[in-house]
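The values are calculated or read from the model by the stated rules, or taken from the named source; none is laboratory data. Bear in mind that the values here come from a model prediction, so they are computed numbers and not experimental data. Methodologically, a virtual Cβ is constructed for each residue, glycine included, from the backbone with ideal geometry; neighbour enumeration extends over all protein chains shown.
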Amino acid sequence: MKYLDEYRDEELARKIVDEIRRITTRPWVLMEVCGGQTHSIVKYGIDRLLPNAIELVHGPGCPVCVTSLEMIDKAHAIAQRPDVIFCSFGDMLRVPGSECDLLVLKSRGADIRIVYSPIDCLKIARANPDKKVVFFAIGFETTAPSNAMAVFQAKKQGIANFSVLVSHVLVPPSIASILQSPLNRVQGFLGPGHVCTVMGYREYEPLAERFKVPIVITGFEPLDILEGVLMTIRQLEAGSWRVENQYPRVVNREGNRVAQDLVNKVFEVCDRKWRGVGSIPKSGYKLRYDFKEHDAERIFEVKEIDTQEPARCISGLVLRGVKKPHDCACFGKECTPEHPFGATMVSAEGACAAYYAYGRHLEANPQTADVA
Ligand code: SF4
């Protein structure tokens with residue numbers, strides 16, 4: 001299949017791996033930022049093709065995983081109201097809050113609907129003028145433009161019964177937070193290809209300079225990831241740190257300016273709490289005051305709920321690349337995709353869920369046993 005098979009070519013993959021092996025002279029720890037990259041790495045066994053000296057750890061780039069428990073509980077409080085139609089992408093329905101998930105609330109009679117675009121909610125709001133239609137606007141910079149467009153159109157068209165519960169998160173502050181941690185082991189990053197499609201990669205340049213760390217914006221197919229690893233290792237071995245773009249067929253330095261302008265019109269940067277990690281300064285978007293009539297947190301006055309992660313779950317450490325799923329005593333035992341304890345087992349893009357999906361709960365992980 002065009003645009004897929006050419007990025008899964010076995011012969012080319014072998015050549016890149018050989019080159020990585022040839023240039024690697026010492027151990028290096030790299031982090032892939034996106035959940036989609038984690039999924040490809042585990043699915044194709046890319047981490048196991050690499051020389052033992054190169055360790056891949058998995059980053060915080062799964063938007064479902066990092067949506068805070070407090071925000072999930074706020075969503076539940078709103079969704080249970082009889083005057084509300086609560087709309088969400090499907091993968092949020094199984095995310096556990098303090099007591100249950102949205103699917104359970106739906107089975108108890110709450111009007112919870114799966115949508116494929118926030119724009120669909122505007123139609124639902126128009127068709128149900130006696131109801132308040134709320135969209136659960138989560139995700140990284142990638143989904144911010146479509147959520148901003150829904151709010152912008154609602155205001156423009158006077159659709160007063162539409163609002164959004166916003167829990168957007170931003171990648172660069174999370175990378176800074178990982179690098180500032182005393183527990184940090186990451187020496188180079190495979191940057192987030194999809195996020196940079198929207199945002200470009202200019203904002204990663206000060207990070208590379210400040211922390212002296214190479215960041216290679218990388219795609220999602222096996223050859224993309226292998227090439228991203230090769231480019232990162234080349235920099236590390238040469239003692240350099242800059243932003244490079246492995247994914248030029250999709251990403252450029254400036255990104256999508258039209259989308260960025262719309263996002264900036266509707267959202268402003270705020271501190272954001274990440275599930276399993278805690279609060280990171282300036283790491284999220286909230287609605288601007290001009291759009292307050294579409295802000296579900298204001299409309300429904302959902303109070304701040306301080307919810308704790310299960311003590312045994314180490315997903316906060318997994319999301320920061322300090323530990324891997326195998327290091328958790330619950331992995332594949334008490335905690336499975338059917339009964340997830342924590343953030344990284346909740347979504348298919350989470351590292352624990354990816355390891356489980358590809359059978360790694362059935363085996364020991366010799367690579368990580370002595371590095372955790
Ligand atoms: S396996 Fe489950 S309990 Fe363990 S870190 Fe992952 S999500 Fe948390």
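The table below lists the values:
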item	result
Qualifying position, being buried (at least 20 other Cβ atoms within 10 Å of the Cβ) and of a type in the set (D, E, K, R), among E10, E55	E55
Qualifying residue in region 268-276 (condition: farther than 20 Å from M92 by Cα, away from the ligand (no atom under 16 Å from the Cβ), without any contact (Cβ under 8 Å) to a residue 12 or more places away in the chain and under 17 Å from the mean Cα position of the chain (by Cα))	no
Subset of region 237-264 that is among the small types (G, A, S) and either in contact with a helix residue (DSSP H, G or I) (Cβ under 8 Å, 6 or more places away or on another chain) or surrounded by 14 or more Cβ atoms within 10 Å (Cβ to Cβ) (or both) - its residue that is nearest to E203 (Cα to Cα)	G255
Subset of region 219-250 (residues that are part of a loop (DSSP other than H, G, I, E, B) and of a type in the set (G, A, S))	G219, G239, S240
Of all residues making up region 225-235, the number that are within 22 Å of T38 (Cβ to Cβ) and touching a Ser or Thr at 6+ places or on another chain (Cβ under 9 Å)	7
Total residues in region 251-284, condition part of a loop (DSSP other than H, G, I, E, B) and either polar (S, T, N, Q) or outside the structural domain of T142 (by TED's automatic domain parsing) (or both)	2
